[in-house]
Amino acid sequence: MLVLLISIAFNLMLYSAYHTYFGHGEVVEKFYSGDPLITDRIALITVEGTIMPPFTGRVLKSIEQASKDDNVKGVVLVVDSPGGLVADSNEIYHALRKLETDKHKLINVSMKRLAASGGYYVSMGAGPEGVIFAEPTCWTGSIGVILPHYDISKLADTVGVKEDSLKTGPYKDTLSLFRPVSDVDKKLWMEVLDETLDRFLEVIAGSRKGLDQKKIREMATGQVFPAKQAKERKLVDQIGFTEDAIKSLKERLKLSAARVVSYESPPNFFERLVSSSEAARPEARWNAVLEAAVPRAYYLFTSLPGIAPR
């Protein structure tokens, strides 16, 4: 009996690992609202929490699922996020633009509690024709880039820790936690941040009618705007809820009825098993510390960096 149980568990692991490797993850479709007997679908794709791995991959899988399904006529992007990593925000934005331009699937946006910085960036994936709805209590905007840095040099001196890294160039240890940021480092990184901000402004200008680079740059102070102010500044189109975004999309698609579905990407058995075993390893905790010290630019409404879930 013991051998049988071990064999069953082992085969389940192999089966799950096979589908993880060859299946590229599974997206589960669930009924949300509308007529369950109608073939034409509207897909809800949710961007929730900090935009970073592994969350980014799950959103991209959902976009891919909507792209492949010919019955999906349009997408409502539901955003409740303070933003996240620059590259990840841009990946989601790029995938959404391809969904509209290549697959001709219309996109509306429903902003919930927070759609700031990278959360606003991904919303631009709806394109210039997309309609953006913000809930009455939503905060959005926070247009800008942040590169967190912490100086722990005094703490290190107190506990007797000294950095003595070997490096092959003067900038290899730039933004080290063990010394203040030098003027040279500031100049170097501000050039990077300015270019990253310019990209943000270009994305907004290409997606928001009536907003040019000058107007957008005036708002690019990192400030967040409540829904009413955001509408006045043309950052959003309407104040409303997800149901309003769905209704608007049905009208744009000229659909009298549709089945509205949501996508989920639950972790499989193998991922849960690996995640649990990884978290228990002492080196995993040290890796998390090292990861936190890596310089990363964020489209993020916070002064603290996010730590990727393991």
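The values are calculated or read from the model by the stated rules, or taken from the named source; none is laboratory data. Just so we're clear, the structure is a prediction, and the values are computed from it rather than from any experiment. Neighbour counts run over all protein chains shown; Cβ positions are idealised from the backbone, glycine included. The protein model used for the area step is the full one, side chains on, heavy atoms only, and it has no ligands, DNA or RNA in it. Shrake-Rupley method; radii C 1.70, N 1.55, O 1.52, S 1.80 Å.
When you restrict to C-alpha pairs under 8 Å that are six or more residues apart and normalise by the size of segment 35-186, the relative contact order lands at 19 percent. With one equal scatterer per alpha carbon and no solvent term, the Debye-computed log10 I(q)/I(0) for segment 149-210 at 0.21 1/Å reads -0.89. Ordering of 101-112, 195-206 by packing is 101-112, 195-206, highest average first (other Cβ atoms within 10 Å, averaged per residue).
A simple count of charges around V145, restricted to other residues whose Cβ falls under 15 Å of its Cβ and scoring Lys, Arg +1 and Asp, Glu -1, yields -2.
For the pairs K186/K231; K98/K214; K68/K209; K112/K187, note any where the Cα-Cα span goes beyond 31 Å. The answer is K186/K231; K112/K187.
Distance between the 7 Å Cα→Cβ label points at L37 and Y150: 5.9 nm. Global size of segment 166-242: 18.3, 56 Å for Rg and Dmax (C-alpha atoms, Rg to one decimal, Dmax whole). Partner aspartates and glutamates whose Cα lies under 14 Å from the Cα of K103, excluding those fewer than 8 positions away in the same chain, are identified as E64, D69, D70. Surface exposure of segment 116-199, expressed per residue as accessible area with a 1.4 Å probe, stands at 56 Å². Using a simple spin-label model with pseudo-atoms 7 Å out from Cα toward Cβ, K209 and D164 lie 6.6 nm apart. Taking every protein chain into account, the accessible area of segment 29-109 amounts to 42 square angstrom per residue (probe 1.4 Å).
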